[in-house]
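Everything below concerns the one structure shown next.
The values are calculated or read from the model by the stated rules, or taken from the named source; none is laboratory data. On a predicted model such as this, the values are computed, not experimentally measured, just so you know. Cβ atoms come from the backbone with ideal geometry, glycine included; neighbour counts cover every protein chain shown. To get the accessible areas, we keep the full protein, side chains included, count just its heavy atoms, and leave off ligands, DNA and RNA. Shrake-Rupley method; radii C 1.70, N 1.55, O 1.52, S 1.80 Å.
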Amino acid sequence: MRLLVHVEGETEEEFINAVLGPHLYELGYWSVKARLIGNARIRARRGGIRGWQVVRNDLVRHLRQDSNCYAALMVDYYRLPQSGGRSWPGRADSVEAPMESRAGHVETALRRDLLDLPDGDSLQRRFVPCVVLHEFEALLFSDCDRLATAIGRPDLSEPFQTIRRGFDSPEAIDDSPLTAPSKRIAKLNPEYQKRIDGINAARSIGLARICEECPSFSSWINRLESLLQIN
């Protein structure tokens, strides 16, 4: 079974290839690859994520080129444009939903948006989006001891625990430009390198532990695993 995961950054790209892929291979997938949305390496220097119509065109083209392949998506909720030509379905009205439901609200809207196409039923059936409520680093607060050890700062375990105890789940750690999960880690450890340290921490913590602590992310993993039951 083949899966192509469209991601918005190099950290997520590495996470898919180094952490999610090996897990799915053990279950029966035989190809799991990450693909940067648009030219994300250039965009990272300019800031911002591409508009939904551009991303949708990429997804649809991929799904139509390979009718036996599935497409997933991993993006940060708070970075999605809410208005104008780059807006993403469901993002603007999701703010009316409870915080814990907002990412799922957008995921449903993204899948529903494909139904407007002539082959929409097939496309949306093979599309499995994951909207991370805040950002990748939130998942790392699933195990603060391992996070601290993996980044070479075991002394930061307790400060990380203090942050974690302030929220119902790691996924709820907030979206302020100053206090987002990555900002909190970098403030305590200015040497933190997102792509290297973040992936080392994710490997150390493991998907099982992340899924125990992060219900929205766990739901996505469950959906990917369940695809094996219908193929």
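Details
- Of the candidates F141, F136, F160, the single residue that is without any contact (Cβ under 8 Å) to a residue 40 or more places away in the chain, closer than 21 Å to D174 by Cβ and open to solvent by less than 10 Å² (accessible area, probe 1.4 Å) is F160.
- Comparison of F136, F141 shows that the only residue that is at pLDDT 95 or above, among the aromatic types (F, W, Y) and in contact with a helix residue (DSSP H, G or I) (Cβ under 6 Å, 6 or more places away or on another chain) is F141.
- The combined condition, being surrounded by fewer than 19 Cβ atoms within 10 Å (Cβ to Cβ) and under 17 Å from the mean Cα position of the chain (by Cα), is fulfilled by G206.
- For L114, the stated conditions do not hold, so it cannot be described as more than 27 Å from M1 (Cβ to Cβ), modelled with pLDDT of 95 or more and surrounded by 21 or more Cβ atoms within 10 Å (Cβ to Cβ).
Each row is one residue, and each column tells you yes or no for (1) closer than 24 Å to R102 by Cα; (2) touching a helix residue (DSSP H, G or I) at 6+ places or on another chain (Cβ under 7 Å).
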position	(1), (2)
K194	no, yes
N200	no, yes
S204	no, yes
L207	yes, yes
C211	yes, yes
C214	yes, yes
W220	yes, no
S226	yes, no
Q229	no, no
